[in-house]
Structures are given as structure tokens and as C-alpha cells.
Amino acid sequence: MWEGLIGPSNDRWLEGARLLSGARWSIVAEGNVAPELGVADDVARVRLYASRAIVAKTQDDRAATYGEILGTCARCHHAIRDRLK
Ligand code: HEC
């Protein structure tokens, strides 16, 4: 998606967005291991933003969506992954 954004390359953007929207998540990330952390919402958010990324046409919309996605990655990593170390 990053390469699609900065290229810019429509094909790369769409390939990344489609892969992300259909990506499988680990059971930890899905929130099945520590449901009290509420990170399953972040999985839903990434899927939602990825599906928006597929229909986003302008560079501005794509950049904004990409930012939302990365922010969601970081939120969950802060909440759960970094605590596992
Ligand atoms: C719902 C929580 C959650 C979200 C959202 C999330 N991750 Fe993760 N991520 C994890 C957890 C937990 C791990 C630790 C390993 C595992 O469970 O497989 C991980 C591991 C990783 C790893 C493996 C290398 C490492 O540093 O441990 C990468 C790369 C990664 N995530 C990238 C991303 C990206 C990019 C996004 C956003 C598109 C994202 N993650 C969103 C929970 C999340």
C-alpha cells in the first residue's frame, strides 16, 4: 500500500488493500487470548479501513486511510504485543 501511495501506483495500492482486507489474524490479535484488552475492535477497524482503501480514489483519501490503518496497527501493538515481551 505504501508503494502504491508514493509511486503512485494504482495496482500496488489495490493489491495491498485487498490483501489486507482479507488477511487472516493470529488468535492473539483476534482477541481470543486476552479479550479484556478489547483489541478485537482493532482487527475490525483494520478490516474496515482496508475496505475503504479499496474504494478510495484520490491521493488525499488514500493517504488519510493509510494513516488510520497505521494508527490502528500501533494502537493494538501498544496494547497487546509490546506487553508480551
Ligand atoms: C488487534 C491487534 C493487532 C493489530 C490491529 C495489528 N497487530 Fe501486528 N501483531 C499483533 C500481535 C499480538 C503480534 C505478535 C505476534 C502474533 O500474535 O502473531 C503482532 C505482530 C506483528 C508483526 C510481526 C513482527 C513483530 O514485530 O512482532 C508485524 C510485522 C505486524 N504485527 C504488523 C502489523 C501491521 C502492519 C498492522 C496494521 C495493518 C498490525 N500489525 C496490526 C497484534 C496486532
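The values are calculated or read from the model by the stated rules, or taken from the named source; none is laboratory data. Fair warning: this is a prediction, and the values are worked out from it, not measured in the lab. So basically every Cβ, Gly included, is an ideal-geometry build from the backbone, and we count neighbours across all protein chains shown. All accessible areas refer to the heavy atoms of the entire protein, side chains included, with ligands and DNA or RNA removed. Shrake-Rupley method; radii C 1.70, N 1.55, O 1.52, S 1.80 Å.
Points to keep in mind about this one:
- Scope the range 47-85; condition among the hydrophobic types (A, V, I, L, M, F, W, C) and in contact with an Asp or Glu (Cβ under 6 Å, 6 or more places away or on another chain); matching residues: C76
- Here L5 meets the list (1) of a type outside the set (S, T, N, Q); (2) open to solvent by 80 Å² or more (accessible area, probe 1.4 Å); (3) in contact with a helix residue (DSSP H, G or I) (Cβ under 9 Å, 6 or more places away or on another chain); (4) modelled with pLDDT of 95 or more almost entirely, failing just condition (2).
- Selection from the range 9-21 of residues that are open to solvent by less than 90 Å² (accessible area, probe 1.4 Å) and either basic (K, R) or under 19 Å from G71 (Cα atoms) (or both): W13, G16, A17, L20, S21
- For the range 31-54, taking the residues that are over 15 Å from C73 (Cβ atoms) and within 15 Å of the chain's Cα centre (by Cα), the one that is most open to solvent (accessible area, probe 1.4 Å) is identified as R52.
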